[in-house]
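Some notes on the structure that comes next.
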C-alpha cells in the first residue's frame, strides 16, 4: 500500500511507493526514499544532498523521514555520564528534593540569572502554579496574563483558584501590552504574568512600574527566555518571581522540568514547601502542597545542559542572524524584532505572513510548503487562549476583543534555529523559506 504522506510530500512514484508498507521499520522506509532520491538526483543532485543531510543529522518524525525539526535537544557524553553516576548511586530522586544534582542545578540557574533563590520543579506549568501559590493567589483574585501565549499560564491561575484576565499584545513584539494590562485592572487584580514570548523580553520596566504602583505581584513566564536579557540584566530576576521550563524544545532541557527563581526569601520558602506536599519538615505538612519535585536524573541532565548553554545561545543567535540577513528583503513577511535594550534568546524565530484576511490560509499554506521541502515550521499559537473552547466557555470573551492576539494567531509561524543546525543546515532552511515565499506570492 502506498503511504499517503509520501505520495503528497515527496512525490514518490507509485512504483516506489507500492514497495513501502506501514508495517516496515523506519529504517526500511528511509532506504526506499533514498533509493528514489538517487533516481531523481540524476536530474536534481541538490535533492539527494538535502535528504542525506536531513536523514543523517536530524532523524525526524517517523512519518516524515529527514525532516529538519523546529526544535531538537542536543545531548552528548556529559549528560550520559552524569545520568550513569546517578543510576549507580541508587539515589535517583529525593523525598525532600534536596539531592546532590537538584541542588547543583538550582545553584547553577540561580547564578546564571543572578537571583538569590531557585527552586526546581517538575515542569514549567508546575513552576507557574507554584509561583502563584507562593504569592498567595487564591479564590476571588484575578491575574492578568496575555491571551497569546501557552495555555499553561491560564491553567495555573485556575488551579490556584483565581480567574485569568486576558490582555492583548504588542503586534510587533508579540509580548503583553502595558496599555492592555492597565485597561484590565480591577480591585480584584492581585498579579500580572508577563510572557517573554519566543525568547524576547517583554517591556518589563514599564510593566514593573505599573505593578509596583498598584501593589501587584509580577511573575515572569520565562519558559522561552533562558539567556534573554533586558537592559543588560538576564531574565529571571527582574520580577517578583520568574518561571522557566526545561521541556524538550527549550533552550536547555531535562526532558520535563521547571524552575522558579526569586530574590524574596519568603517566596522561596513557600515554593520549597509547596513542591514537597507542603512539608515544613519530613512527614509534617504545614500548608497545602503537592508533589512537584524534580528527580535527580532530570537534574543531572540539567547540570550538563547548563554547562553548554552559552554555546547553545551563541549558535541560536548566529542562526537567527543568518535568517534575518537572508530574508530581510521579503516584503511578504514580517521578521522578528529586537527592540533596543532587549536581547533575544531565540528559542523560536517567528515570522508573520502579512495579510489582512480573517483566516490563516496563507500561513497554513506556507507551513505545508515548508514541510514538503523538509523543514518543520511550528505555529505558536494557532488559537489565543480566549478563543480556545474551554476558555471561551468560562471567560466569555467575544471574538474580536483582542485583535492583535487574534491576528498573530492567524499569521505567525516559527522556523528552526536550534543549535543542532550548522551553517549548511541553515542554508537548507533559508532556501526552503525563500522558495515557499515565492510560491506564496504567485
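Taking the stated definitions as given, is residue 198 at pLDDT 95 or above, part of a helix (DSSP H, G or I) and within 22 Å of the chain's Cα centre (by Cα)? Yes, satisfied. Could you go through segment 408-421 and let me know if any residue there is part of a loop (DSSP other than H, G, I, E, B) and touching a strand residue (DSSP E or B) at 6+ places or on another chain (Cβ under 6 Å). Yes - at least one qualifying residue is present in segment 408-421. The single condition from (1) in a loop (DSSP other than H, G, I, E, B); (2) closer than 30 Å to residue 91 by Cα that residue 298 fails is (1). Restricting to segment 236-254, give me the number of residues that are within 19 Å of residue 101 (Cα to Cα) and more than 13 Å from the chain's Cα centre (by Cα). Final tally of qualifying residues: 1. Just one residue in the set 335, 306 is under 30 Å from residue 410 (Cα atoms) and either in contact with a helix residue (DSSP H, G or I) (Cβ under 6 Å, 6 or more places away or on another chain) or not assigned by TED's automatic domain parsing to the domain that holds residue 127 (or both); that residue is 335. In the set 320, 248, 268, 330, only one residue is in contact (Cβ under 8 Å) with a residue 12 or more places away in the chain and farther than 26 Å from residue 376 by Cβ; that residue is 268.
Can you confirm whether segment 432-442 contains a residue that is in contact with a helix residue (DSSP H, G or I) (Cβ under 6 Å, 6 or more places away or on another chain), over 23 Å from residue 228 (Cβ atoms) and assigned to a loop (DSSP other than H, G, I, E, B)? For segment 432-442, residues in contact with a helix residue (DSSP H, G or I) (Cβ under 6 Å, 6 or more places away or on another chain), over 23 Å from residue 228 (Cβ atoms) and assigned to a loop (DSSP other than H, G, I, E, B): absent.
Counting only helices (runs of 4 or more DSSP H) that fall entirely inside segment 309-402 and contain at least 1 residues that are within 20 Å of the chain's Cα centre (by Cα) and at pLDDT 95 or above, the qualifying elements are 309-327, 361-372. When residue 171 is tested against (1) without any contact (Cβ under 8 Å) to a residue 12 or more places away in the chain; (2) part of a loop (DSSP other than H, G, I, E, B), exactly one condition is not met: (1). Exactly one residue out of 182, 220 is part of a helix (DSSP H, G or I) and at pLDDT 95 or above, and it is 182.
Of all the residues in segment 85-95, those that are touching a helix residue (DSSP H, G or I) at 6+ places or on another chain (Cβ under 9 Å) and surrounded by fewer than 21 Cβ atoms within 10 Å (Cβ to Cβ) number 7. Of all the residues in segment 107-129, those that are in a helix (DSSP H, G or I), closer than 16 Å to residue 253 by Cα and touching a helix residue (DSSP H, G or I) at 6+ places or on another chain (Cβ under 8 Å) number 6.
The values are calculated or read from the model by the stated rules, or taken from the named source; none is laboratory data. This is a predicted model, so every value here is computed, not measured. Because the Cβ atoms are built from the backbone with ideal geometry, glycine has one as well, and the counts that use them run over all protein chains shown.
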